[in-house]
Amino acid sequence: MANLQLIKEIADQKNISLSAIASELGITPQALSKIIRNNSTKIETLEKIADILKVSVKVFFPDVNE
């Protein structure tokens, strides 16, 4: 299961606001907050978020063995 709370943590570490991420995704900050709160989104959206944060999508799946 994905851990979308990491979006906030990684964004904080990289000094990227959630509003900036939402803007690049073409959604409202409230919609991004809902994604994080509900811990659910389409894989395509998660891939875009990972690209914005310059991380691998894998970081959101800490329980998956490689």
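The values are calculated or read from the model by the stated rules, or taken from the named source; none is laboratory data. Source: prediction; values computed, not measured. For neighbour counting, all protein chains shown are included, and Cβ atoms are generated from backbone atoms with ideal geometry for every residue, glycine included. In case anyone asks, the SASA skips ligands and DNA or RNA and just uses the protein heavy atoms, side chains included. Shrake-Rupley method; radii C 1.70, N 1.55, O 1.52, S 1.80 Å.
Summary of values
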| quantity | calculated |
| --- | --- |
| In the range 39-66, residue least open to solvent (accessible area, probe 1.4 Å) [restricted to those that are free of Cβ contacts under 8 Å to residues at least 12 places away in the same chain and assigned to a helix (DSSP H, G or I)] | 50 |
| Set 21, 35: member being in contact with a Ser or Thr (Cβ under 8 Å, 6 or more places away or on another chain) and either surrounded by fewer than 16 Cβ atoms within 10 Å (Cβ to Cβ) or in a helix (DSSP H, G or I) (or both) | 35 |
